[in-house]
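Peer 1: So that we are looking at the same thing, I have put the structure below in structure tokens.
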Amino acid sequence: MRKIAIGGIHGGIKALKQLIRRISLKENDQLIFLGDYVDGWSESAQTIDFLMNLQSKYSCIFIKGNHDVYCEKWLQNGEKPQKWLSHGGKSTIRSYRDYSSKQKMIHLNFIKSMKYYHIDGDNRLFIHAGFTSMHGPSKEVYESNYCWDRTLWEIALATDEKIPKSSLFFPKRLKLFKEIYIGHTPTTNYNSDIPMRKINVYNVDTGAAFKGKISGIDISTKEIFQSDRVQVFYPEEKGRN
């Protein structure tokens, strides 16, 4: 069985479908989505439909991202903060214009059912953003850190690969898990259009919301799968520019 972690999608269902074709899914494969299914391109609602259908055919784990939290709050009570609207929320709202109240409720329940993090049997953590507790995500004080924290990735970037895990100077959070898979911070911010590894943290968000691609990584072999740049599928749109 392959386990494949998939980074941010941001409403780019056409690119997502291409990625799924390129993965060539087998019956026993498991897909672990790292969050941010909405906000950016014009088909956020349709992306949620596609994912719900996908889980009826394959083993899927859905991690909740910060953009999914925004969408959840809007579907639940109409909350529309300006920060969300200016970072992809408007396109998400437009994608729901032909959806009934019942359909929106189904989507709301789907987003509510998403996990904040997942730890597999080999002590590998899958989380959208990060956690700040030195005792692990289960001891996190602020729930929002699961979806918003960037310090986990920043610490990994700043840690010298030569420092042994036994050192007093090795970050305690990175000792807790064999590997950690995240999204949230685009690797394109670091001039990389493929998933990045630093210490034992793998960042699988390759900037799909902007000028990048949707990416997946086989967590056993580290084989990388990618769509074309998402903007190719939506030439008349700007994404989250």
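Peer 1: Between R21 and H87, how many nm apart are label points set 7 Å from Cα along the C-beta direction?
Peer 2: Inter-label distance under the simple model: 3.3 nm.
Peer 1: For region 92-238, what does the alpha-carbon gyration tensor say about shape, rounded, prolate or oblate, given a ≥ b ≥ c as the root eigenvalues, a/c under 1.5 as rounded, and a/b over b/c as prolate?
Peer 2: On the way: a/c = 2.29, a/b = 1.46, b/c = 1.57.
Oblate is the answer for region 92-238, as a/c is 1.5 or above yet b/c matches or exceeds a/b.
Peer 1: With the cut-off at 1.5 for a/c, could you classify region 1-157 from its C-alpha gyration tensor as rounded, prolate or oblate?
Peer 2: Since a/c reaches 1.5 but b/c is at least a/b, the shape of region 1-157 is classed as oblate.
Peer 1: Shifting gears a bit: Leaving ligands, DNA and RNA out of it, report the carbon-plus-sulfur percent of the accessible area of the chain at a 1.4 Å probe.
Peer 2: 50
Peer 1: Another question, if that's okay. What accessible area per residue comes out for the chain, rounded to a whole number of Å², with a 1.4 Å probe?
Peer 2: Spelled out: the 1.4 Å probe surface of the chain, per residue, equals 46 Å².
Peer 1: Then there's this: Can you compute the modelled spin-label distance between D98 and K162, with each label point 7 Å from Cα toward Cβ, in nm?
Peer 2: Computed distance between label sites D98 and K162 equals 6.0 nm.
Peer 1: Starting from one equal scatterer on each C-alpha and no solvent at all, send me the Debye-based log10 I(q)/I(0) for region 68-158 at q = 0.21, 0.22 Å⁻¹, two decimals.
Peer 2: -1.07, -1.11
Peer 1: Still on this structure, I have one more. Multiply the residue separation of S192 and V232 by 0.36 nm, subtract the distance between their alpha-carbon atoms, and state the gained length in nm to one decimal. It would help to have the intermediate numbers written out before the result.
Peer 2: Values: separation 40, 0.36 × 40 = 14.40 nm, distance 1.83 nm.
Between S192 and V232, full extension yields an extra 12.6 nm.
The values are calculated or read from the model by the stated rules, or taken from the named source; none is laboratory data. Bear in mind that the values here come from a model prediction, so they are computed numbers and not experimental data. Every residue, glycine as well, gets a Cβ built from its backbone with ideal geometry; the counts of neighbours run over all protein chains shown. Only protein heavy atoms, including side chains, enter the accessible area calculation; ligands, DNA and RNA are left aside. Shrake-Rupley method; radii C 1.70, N 1.55, O 1.52, S 1.80 Å.
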